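The values are calculated or read from the model by the stated rules, or taken from the named source; none is laboratory data. These numbers come from a predicted model, not from an experiment. Here the Cβ positions follow ideal geometry from the backbone for every residue, glycine too, while neighbour counts run over all protein chains shown.
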Amino acid sequence: MRSLFLTLLFLPALSLAVIDGHKYSFSSEEDAARFEQLAEDLRCPKCQNQNLADSNAPVAVDLRDKVYELMQEGQSDDEIVGYLVDRYGDFVRYRPPFRIDTLLLWGGPVILLVIGLLILAAIRRQQASQPQEGLSEADKARLAELKAQMKKDQN
Amino acid sequence: MNRILLFVPLVIFLLMGLVFWIGLGKEDKTSLPSPLIGKAFPEFQLGVVEDGRTLTTEDLKGAPVLVNVWATWCPTCKAEHAFLNELAAGGIRIIGINYKDDVAKAQDWLAAFGNPYVYNLSDPDGKLGLELGVYGAPETFLVDSQGIIRDKHIGDLNPQVWARLKPRFEGMK
């Protein structure tokens with residue numbers, strides 16, 4: 001049972017094995033980690049909801065090879081991402097850049113949060129401004145009358 | 001006043017619905033915009049499928065051209081091939097990029113189905129394809145006489161698509 005549990009626990013790690021040890025060799029642990037991070041942050045253009053690390057589409061294989069090649073040439077992460085963006089567009093990035101045309105994308109959640117907080121504050125203020133008024137004099141008189149009536153009925 | 005406030009979530013919901021409806025409707029998953037439009041056709045030096053001579057980017061220039069990325073393993077390329085033959089017969093200059101394919105297979109294919117291409121560049125490991133941002137085949141680029149990419153179509157060429165691309169192609173110098 002325990003071994004089954006452990007197997008299932010580490011099974012997802014196998015999906016990265018393809019890019020990890022078998023095909024590419026790295027001179028250092030950091031390089032291997034860098035490559036893995038890049039392959040996870042870059043999106044496969046063909047299979048749109050997978051990153052380069054997960055996809056086995058031919059174009060994803062080519063792009064992984066290219067990322068590896070550029071890394072071996074000593075290019076920085078930004079240069080490598082830039083290389084692919086120049087050819088495939090911003091689409092290949094899972095982390096879109098902060099620009100005028102992506103302002104809504106980045107700012108949207110904050111704007112929605114602010115709107116939500118404003119609405120919440122407005123509701124709270126309104127509730128606070130309503131005095132906890134009890135029963136009016138007329139209602140009190142009516143209540144007393146009804147209670148008296150009930151007592152009478154019970155007797 | 002209170003009652004009106006109750007409709008605020010509904011209004012927000014409707015607004016967001018509208019935004020998503022427009023946004024998702026606009027997204028065309030089959031064709032990504034190419035950042036290469038308006039840029040020079042990437043440098044290359046590749047062998048020609050038909051006769052093995054080597055050509056470079058310079059050979060592409062001189063007249064407007066359709067650059068069609070295809071392969072024998074690509075079923076949609078087979079589907080568009082007859083239409084490419086038609087276009088070529090109508091005088092359209094088409095250059096092929098035989099993408100991640102085998103030269104012998106490509107030669108057999110051209111012999112069997114006709115050759116609409118002025119020539120085919122052999123790109124067996126997809127290096128030029130990568131420079132062009134190709135992620136599937138077929139893809140077709142409209143390249144002007146100066147070697148600048150003016151438009152790109154992903155998927156097969158057919159009369160409907162050509163009706164849209166033709167004015168752009170004819171407008172190129």
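Taking the stated definitions as given, is residue B:94 touching a strand residue (DSSP E or B) at 6+ places or on another chain (Cβ under 9 Å), β-branched (Val, Ile, Thr) and more than 14 Å from every other protein chain (Cβ to nearest Cβ)? Considered against the rule, which asks whether it is touching a strand residue (DSSP E or B) at 6+ places or on another chain (Cβ under 9 Å), β-branched (Val, Ile, Thr) and more than 14 Å from every other protein chain (Cβ to nearest Cβ), residue B:94 comes out as yes. Considering only the range A:132-148, I want to know if a residue exists there that is touching a helix residue (DSSP H, G or I) at 6+ places or on another chain (Cβ under 8 Å), away from every other protein chain (no Cβ under 14 Å) and in contact (Cβ under 8 Å) with a residue 24 or more places away in the chain. The answer is no; no qualifying residue exists.
Scan the range B:90-107 for residues that are farther than 18 Å from residue B:133 by Cβ and touching a residue at least 12 places away in the same chain (Cβ under 8 Å) and the total you get is 9.
Applying a threshold of 6 Å to beta carbon distances and a minimum spacing of six or more residues, or different chains, the list of pairs starting in the range B:159-173 at a residue that is within 14 Å of residue B:66 (Cβ to Cβ) and ending at one that is basic (Lys, Arg) and modelled with pLDDT of 90 or more reads B:172/B:150.
Residue count for the range B:116-135 satisfying the condition of being within 14 Å of another protein chain (Cβ to nearest Cβ) and at negative phi: 11.
For the residues B:133, B:91, the requirement of being surrounded by fewer than 17 Cβ atoms within 10 Å (Cβ to Cβ) and part of a loop (DSSP other than H, G, I, E, B) singles out B:91.
In the range B:42-77, which residues are more than 16 Å from residue B:165 (Cβ to Cβ) and under 15 Å from the mean Cα position of the chain (by Cα)? B:42, B:70, B:71, B:74, B:76, B:77 - these are the residues of the range B:42-77 that are more than 16 Å from residue B:165 (Cβ to Cβ) and under 15 Å from the mean Cα position of the chain (by Cα).
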